[in-house]
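Student: Have a look at this one before I ask anything.
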Amino acid sequence: MKVVSLFNNKGGVGKSTLAFHLSNILAERGYKVLMIDLDPQCNLTICGMNEELLHEIWREEDLFIDDFEAAKQSKPQEEFSDILSRTRTIHFLLKPTEDGQGDLSNLPPVYPVRNNLDLIPGRLTVYQYENKISERWSGAYSGDPLSIRTITKIREVAENYSSINNYDFIIIDTSPSLGALNKVIISMVDGFIIPALPDMFSSYGIRNIGNALTNWKKEFNTIYGLISEDKRLRFPENFVRFLGYTIYNAKKYSGNSPWDLALAHYNYAQEIPAIIEQCIDIDVRGHLSQEQARNPMGGTAVMHSHNTLPNMAQKYKLPIWEIPSCPNLDAEDKGTIMGNRKIYEATRDKYIEFSDSFIERINTLN
């Protein structure tokens with residue numbers, strides 16, 4: 001099992017859309033995949049789950065998010081067990097640790113999106129867990145058990161669900177922040193991908209990520225060196241490693257450049273490898289070949305804009321290539337979708353190509 005995050009310090013680069021479609025194509029190819037939504041905006045969740053169901057899950061959890069132990073004590077054991085028998089958000093799963101309480105007696109089931117693909121939905125309130133990470137961070141240096149548990153809990157949740165369901169991949173979506181929550185997420189996963197637009201903002205975002213990784217690695221190495229052997233077992237064997245970048249959702253300009261990008265965008269894209277080499281430590285990227293490090297994951301497979309297709313994917317809770325076969329298309333969408341059926345369905349081969357590159361790079365972690 002490998003835990004992978006998609007991350008960029010720049011928002012609006014399509015990482016939730018990419019996470020959803022990568023997860024779907026991996027599942028379609030026979031891999032077992034769990035998506036965990038740790039972006040408070042919950043875009044990955046909305047791609048895979050009906051909003052009414054999500055609202056019901058949130059409503060049922062509200063009292064627990066306010067005060068987990070008080071809410072638990074207010075309910076008969078049978079009712080609490082019933083709550084645990086249904087899908088819960090990632091914040092609910094983290095809340096006992098946030099409140100300094102004991103772990104859940106059993107793990108709630110994941111939400112089945114499709115065959116081989118499951119979801120732990122997000123929640124807007126997950127920022128509260130970030131606050132606790134910040135409060136307890138200094139305690140990790142002295143090996144305080146609750147502090148160690150707080151910074152390793154997300155990894156533990158992923159591993160516990162994998163031990164039950166035998167996942168091949170766990171894909172974590174994140175916010176664009178460089179705050180405490182993402183410090184913990186990115187530092188505790190096995191690898192991460194940077195989706196980027198070919199512009200100045202993504203270039204600076206990658207620089208920021210590189211600088212943050214250098215500092216985070218020092219902090220985690222210090223903590224790891226100070227704590228006891230049994231507490232080290234809660235950490236992954238290696239600090240996170242970079243799996244590569246991809247240019248995603250860029251507007252296509254045929255014939256303007258080798259990648260069919262506007263010349264200014266192509267020039268920005270060509271700067272990315274040098275920025276990675278300069279700003280991302282060799283220990284984090286050294287497992288990649290020079291070709292893998294310099295070229296976007298999947299080449300140009302998913303580089304160009306899908307236009308409004310991701311909006312349809314979110315609306316129908318399906319990957320783009322399956323939308324024309326959906327039996328429940330709304331009347332106002334059907335004509336446009338069926339008129340562009342080949343365009344929709346052709347995206348499948350593109351994501352297969354991207355997933356081949358993803359798997360190739362994952363194998364460098366072994």
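The values are calculated or read from the model by the stated rules, or taken from the named source; none is laboratory data. Since we're looking at a predicted model, the values are computed, not measured. When we count neighbours, we look across all protein chains shown, and the Cβ atoms used for this are built from the backbone with ideal geometry, even at glycine. For accessibility, only protein heavy atoms count, side chains too; no ligands or nucleic acids. Shrake-Rupley method; radii C 1.70, N 1.55, O 1.52, S 1.80 Å.
Student: Give me the percent of the accessible area of the stretch 163-214 that comes from carbon and sulfur atoms, probe 1.4 Å, all protein chains in place.
Tutor: Accessible surface attributable to carbon and sulfur in the stretch 163-214 totals 55 percent.
Student: Mind telling me which of SER85, SER203, SER74 comes out most flexible in a GNM of the chain, alpha-carbon contacts under 10 Å?
Tutor: Of SER85, SER203, SER74, the most mobile in the Gaussian network model is SER74.
Student: Averaging sequence separations of C-alpha pairs under 8 Å and six or more residues apart, then dividing by the length of the chain, give the relative contact order as a whole percent.
Tutor: It comes to 23 percent, rounded to a whole number.
Student: Per residue, how much accessible area does the stretch 96-206 show when a 1.4 Å probe rolls over the protein heavy atoms, in square angstrom?
Tutor: Per-residue accessible area for the stretch 96-206 comes out at 34 Å².
Student: Moving to a separate point now. Got a number for carbon plus sulfur as a percent of the stretch 286-325's accessible area, 1.4 Å probe?
Tutor: On the way: 700 of 1690 Å².
Of all accessible area on the stretch 286-325, carbon and sulfur atoms account for 42 percent.
Student: Using the basic label-point model (7 angstrom from Cα toward the beta carbon), what is the ASP99 to ILE164 distance in nanometres?
Tutor: Each label point lies 7 Å from its Cα, and together they span 1.9 nm.
Student: I've got another one for you. For the chain, take the alpha-carbon Rg, divide it by the Kirkwood Rh, and send me Rg/Rh.
Tutor: 0.97
Student: Okay, moving on. Report the antiparallel proportion of the DSSP beta bridges in the chain as a percent, rounded to a multiple of 5. It would help to have the intermediate numbers written out before the result.
Tutor: Working: 3 of 27 bridges.
The antiparallel proportion sits near 10 percent.
Student: Let me ask something else about it. Quick check for you: which residues of the stretch 296-324 have the amide N under 19 Å from the point 7 Å beyond the Cα of THR336 toward its beta carbon?
Tutor: Only 305-324 pass the distance filter.
Student: Take the stretch 268-344, compute every pairwise Cα distance, and split them into 10 Å bins from 0; I just need the percent in each bin.
Tutor: 15, 34, 16, 22, 12, 1
Student: Want the number for GLU69 to GLU51: 0.36 nm per residue separation, take away the alpha-carbon distance, what's left?
Tutor: Contour length minus Cα-Cα distance gives 3.7 nm.
Student: Magnitude of the Cβ-charge dipole of the stretch 205-291, K/R +1 and D/E -1, about the Cα centre, nearest 20 debye? Each step should come with its number before you reach the end.
Tutor: Values: 10 positive and 10 negative charges, 51 e Å.
That gives a dipole near 240 debye.
Student: Okay, moving on. Distance check, please: which entries in LYS153/LYS218; LYS153/LYS350; LYS252/LYS317; LYS10/LYS350 exceed 31 angstrom between their Cα atoms?
Tutor: On the way: LYS153/LYS218 20 Å; LYS153/LYS350 35 Å; LYS252/LYS317 26 Å; LYS10/LYS350 24 Å.
Exceeds cut-off: LYS153/LYS350.
Student: Moving on. P(r) for the stretch 121-225, please, calculated from all Cα pair distances in 10 Å bins and given in %.
Tutor: Per 10 Å bin, starting at 0, the Cα pair percentages come out as 12, 42, 35, 10, 1.
Student: Also, I was wondering about something else. Cα atoms only, the stretch 1-118: Rg and Dmax in Å?
Tutor: Here Rg and the maximum Cα pair distance are 15.7, 46 Å.
Student: Could you pull out every residue, at least 5 positions away or on a different chain, whose amide H is within less than 5 Å of the one on VAL3? Hs are placed 1.01 Å off N in the peptide plane, and Pro or chain starts have none.
Tutor: ILE170, ASP190, GLY191
Student: Using only DSSP helix segments of four residues or longer, with each worth -39500 (n - 2.57), what per-residue ellipticity at 222 nm results for the chain after dividing by its residue count and rounding to 500?
Tutor: Roughly -17000 deg cm²/dmol at 222 nm, from the helical runs in the chain.
Student: What are the ³J(HN,Hα) couplings of the stretch 327-337, residue after residue, when phi is run through the Karplus curve with 6.51, -1.76, 1.60 and θ = phi - 60°? Round to Hz, x for glycine and proline.
Tutor: Once rounded to whole Hz, the list reads x, 10, 5, 5, 4, 6, 9, 4, x, 5, 5.
Student: With the full set of protein chains in place, find how many percent of the accessible area of the stretch 104-159 is carbon and sulfur; take the probe as 1.4 Å.
Tutor: Values: 1140 of 2230 Å².
It is 51 percent, rounded to a whole number.
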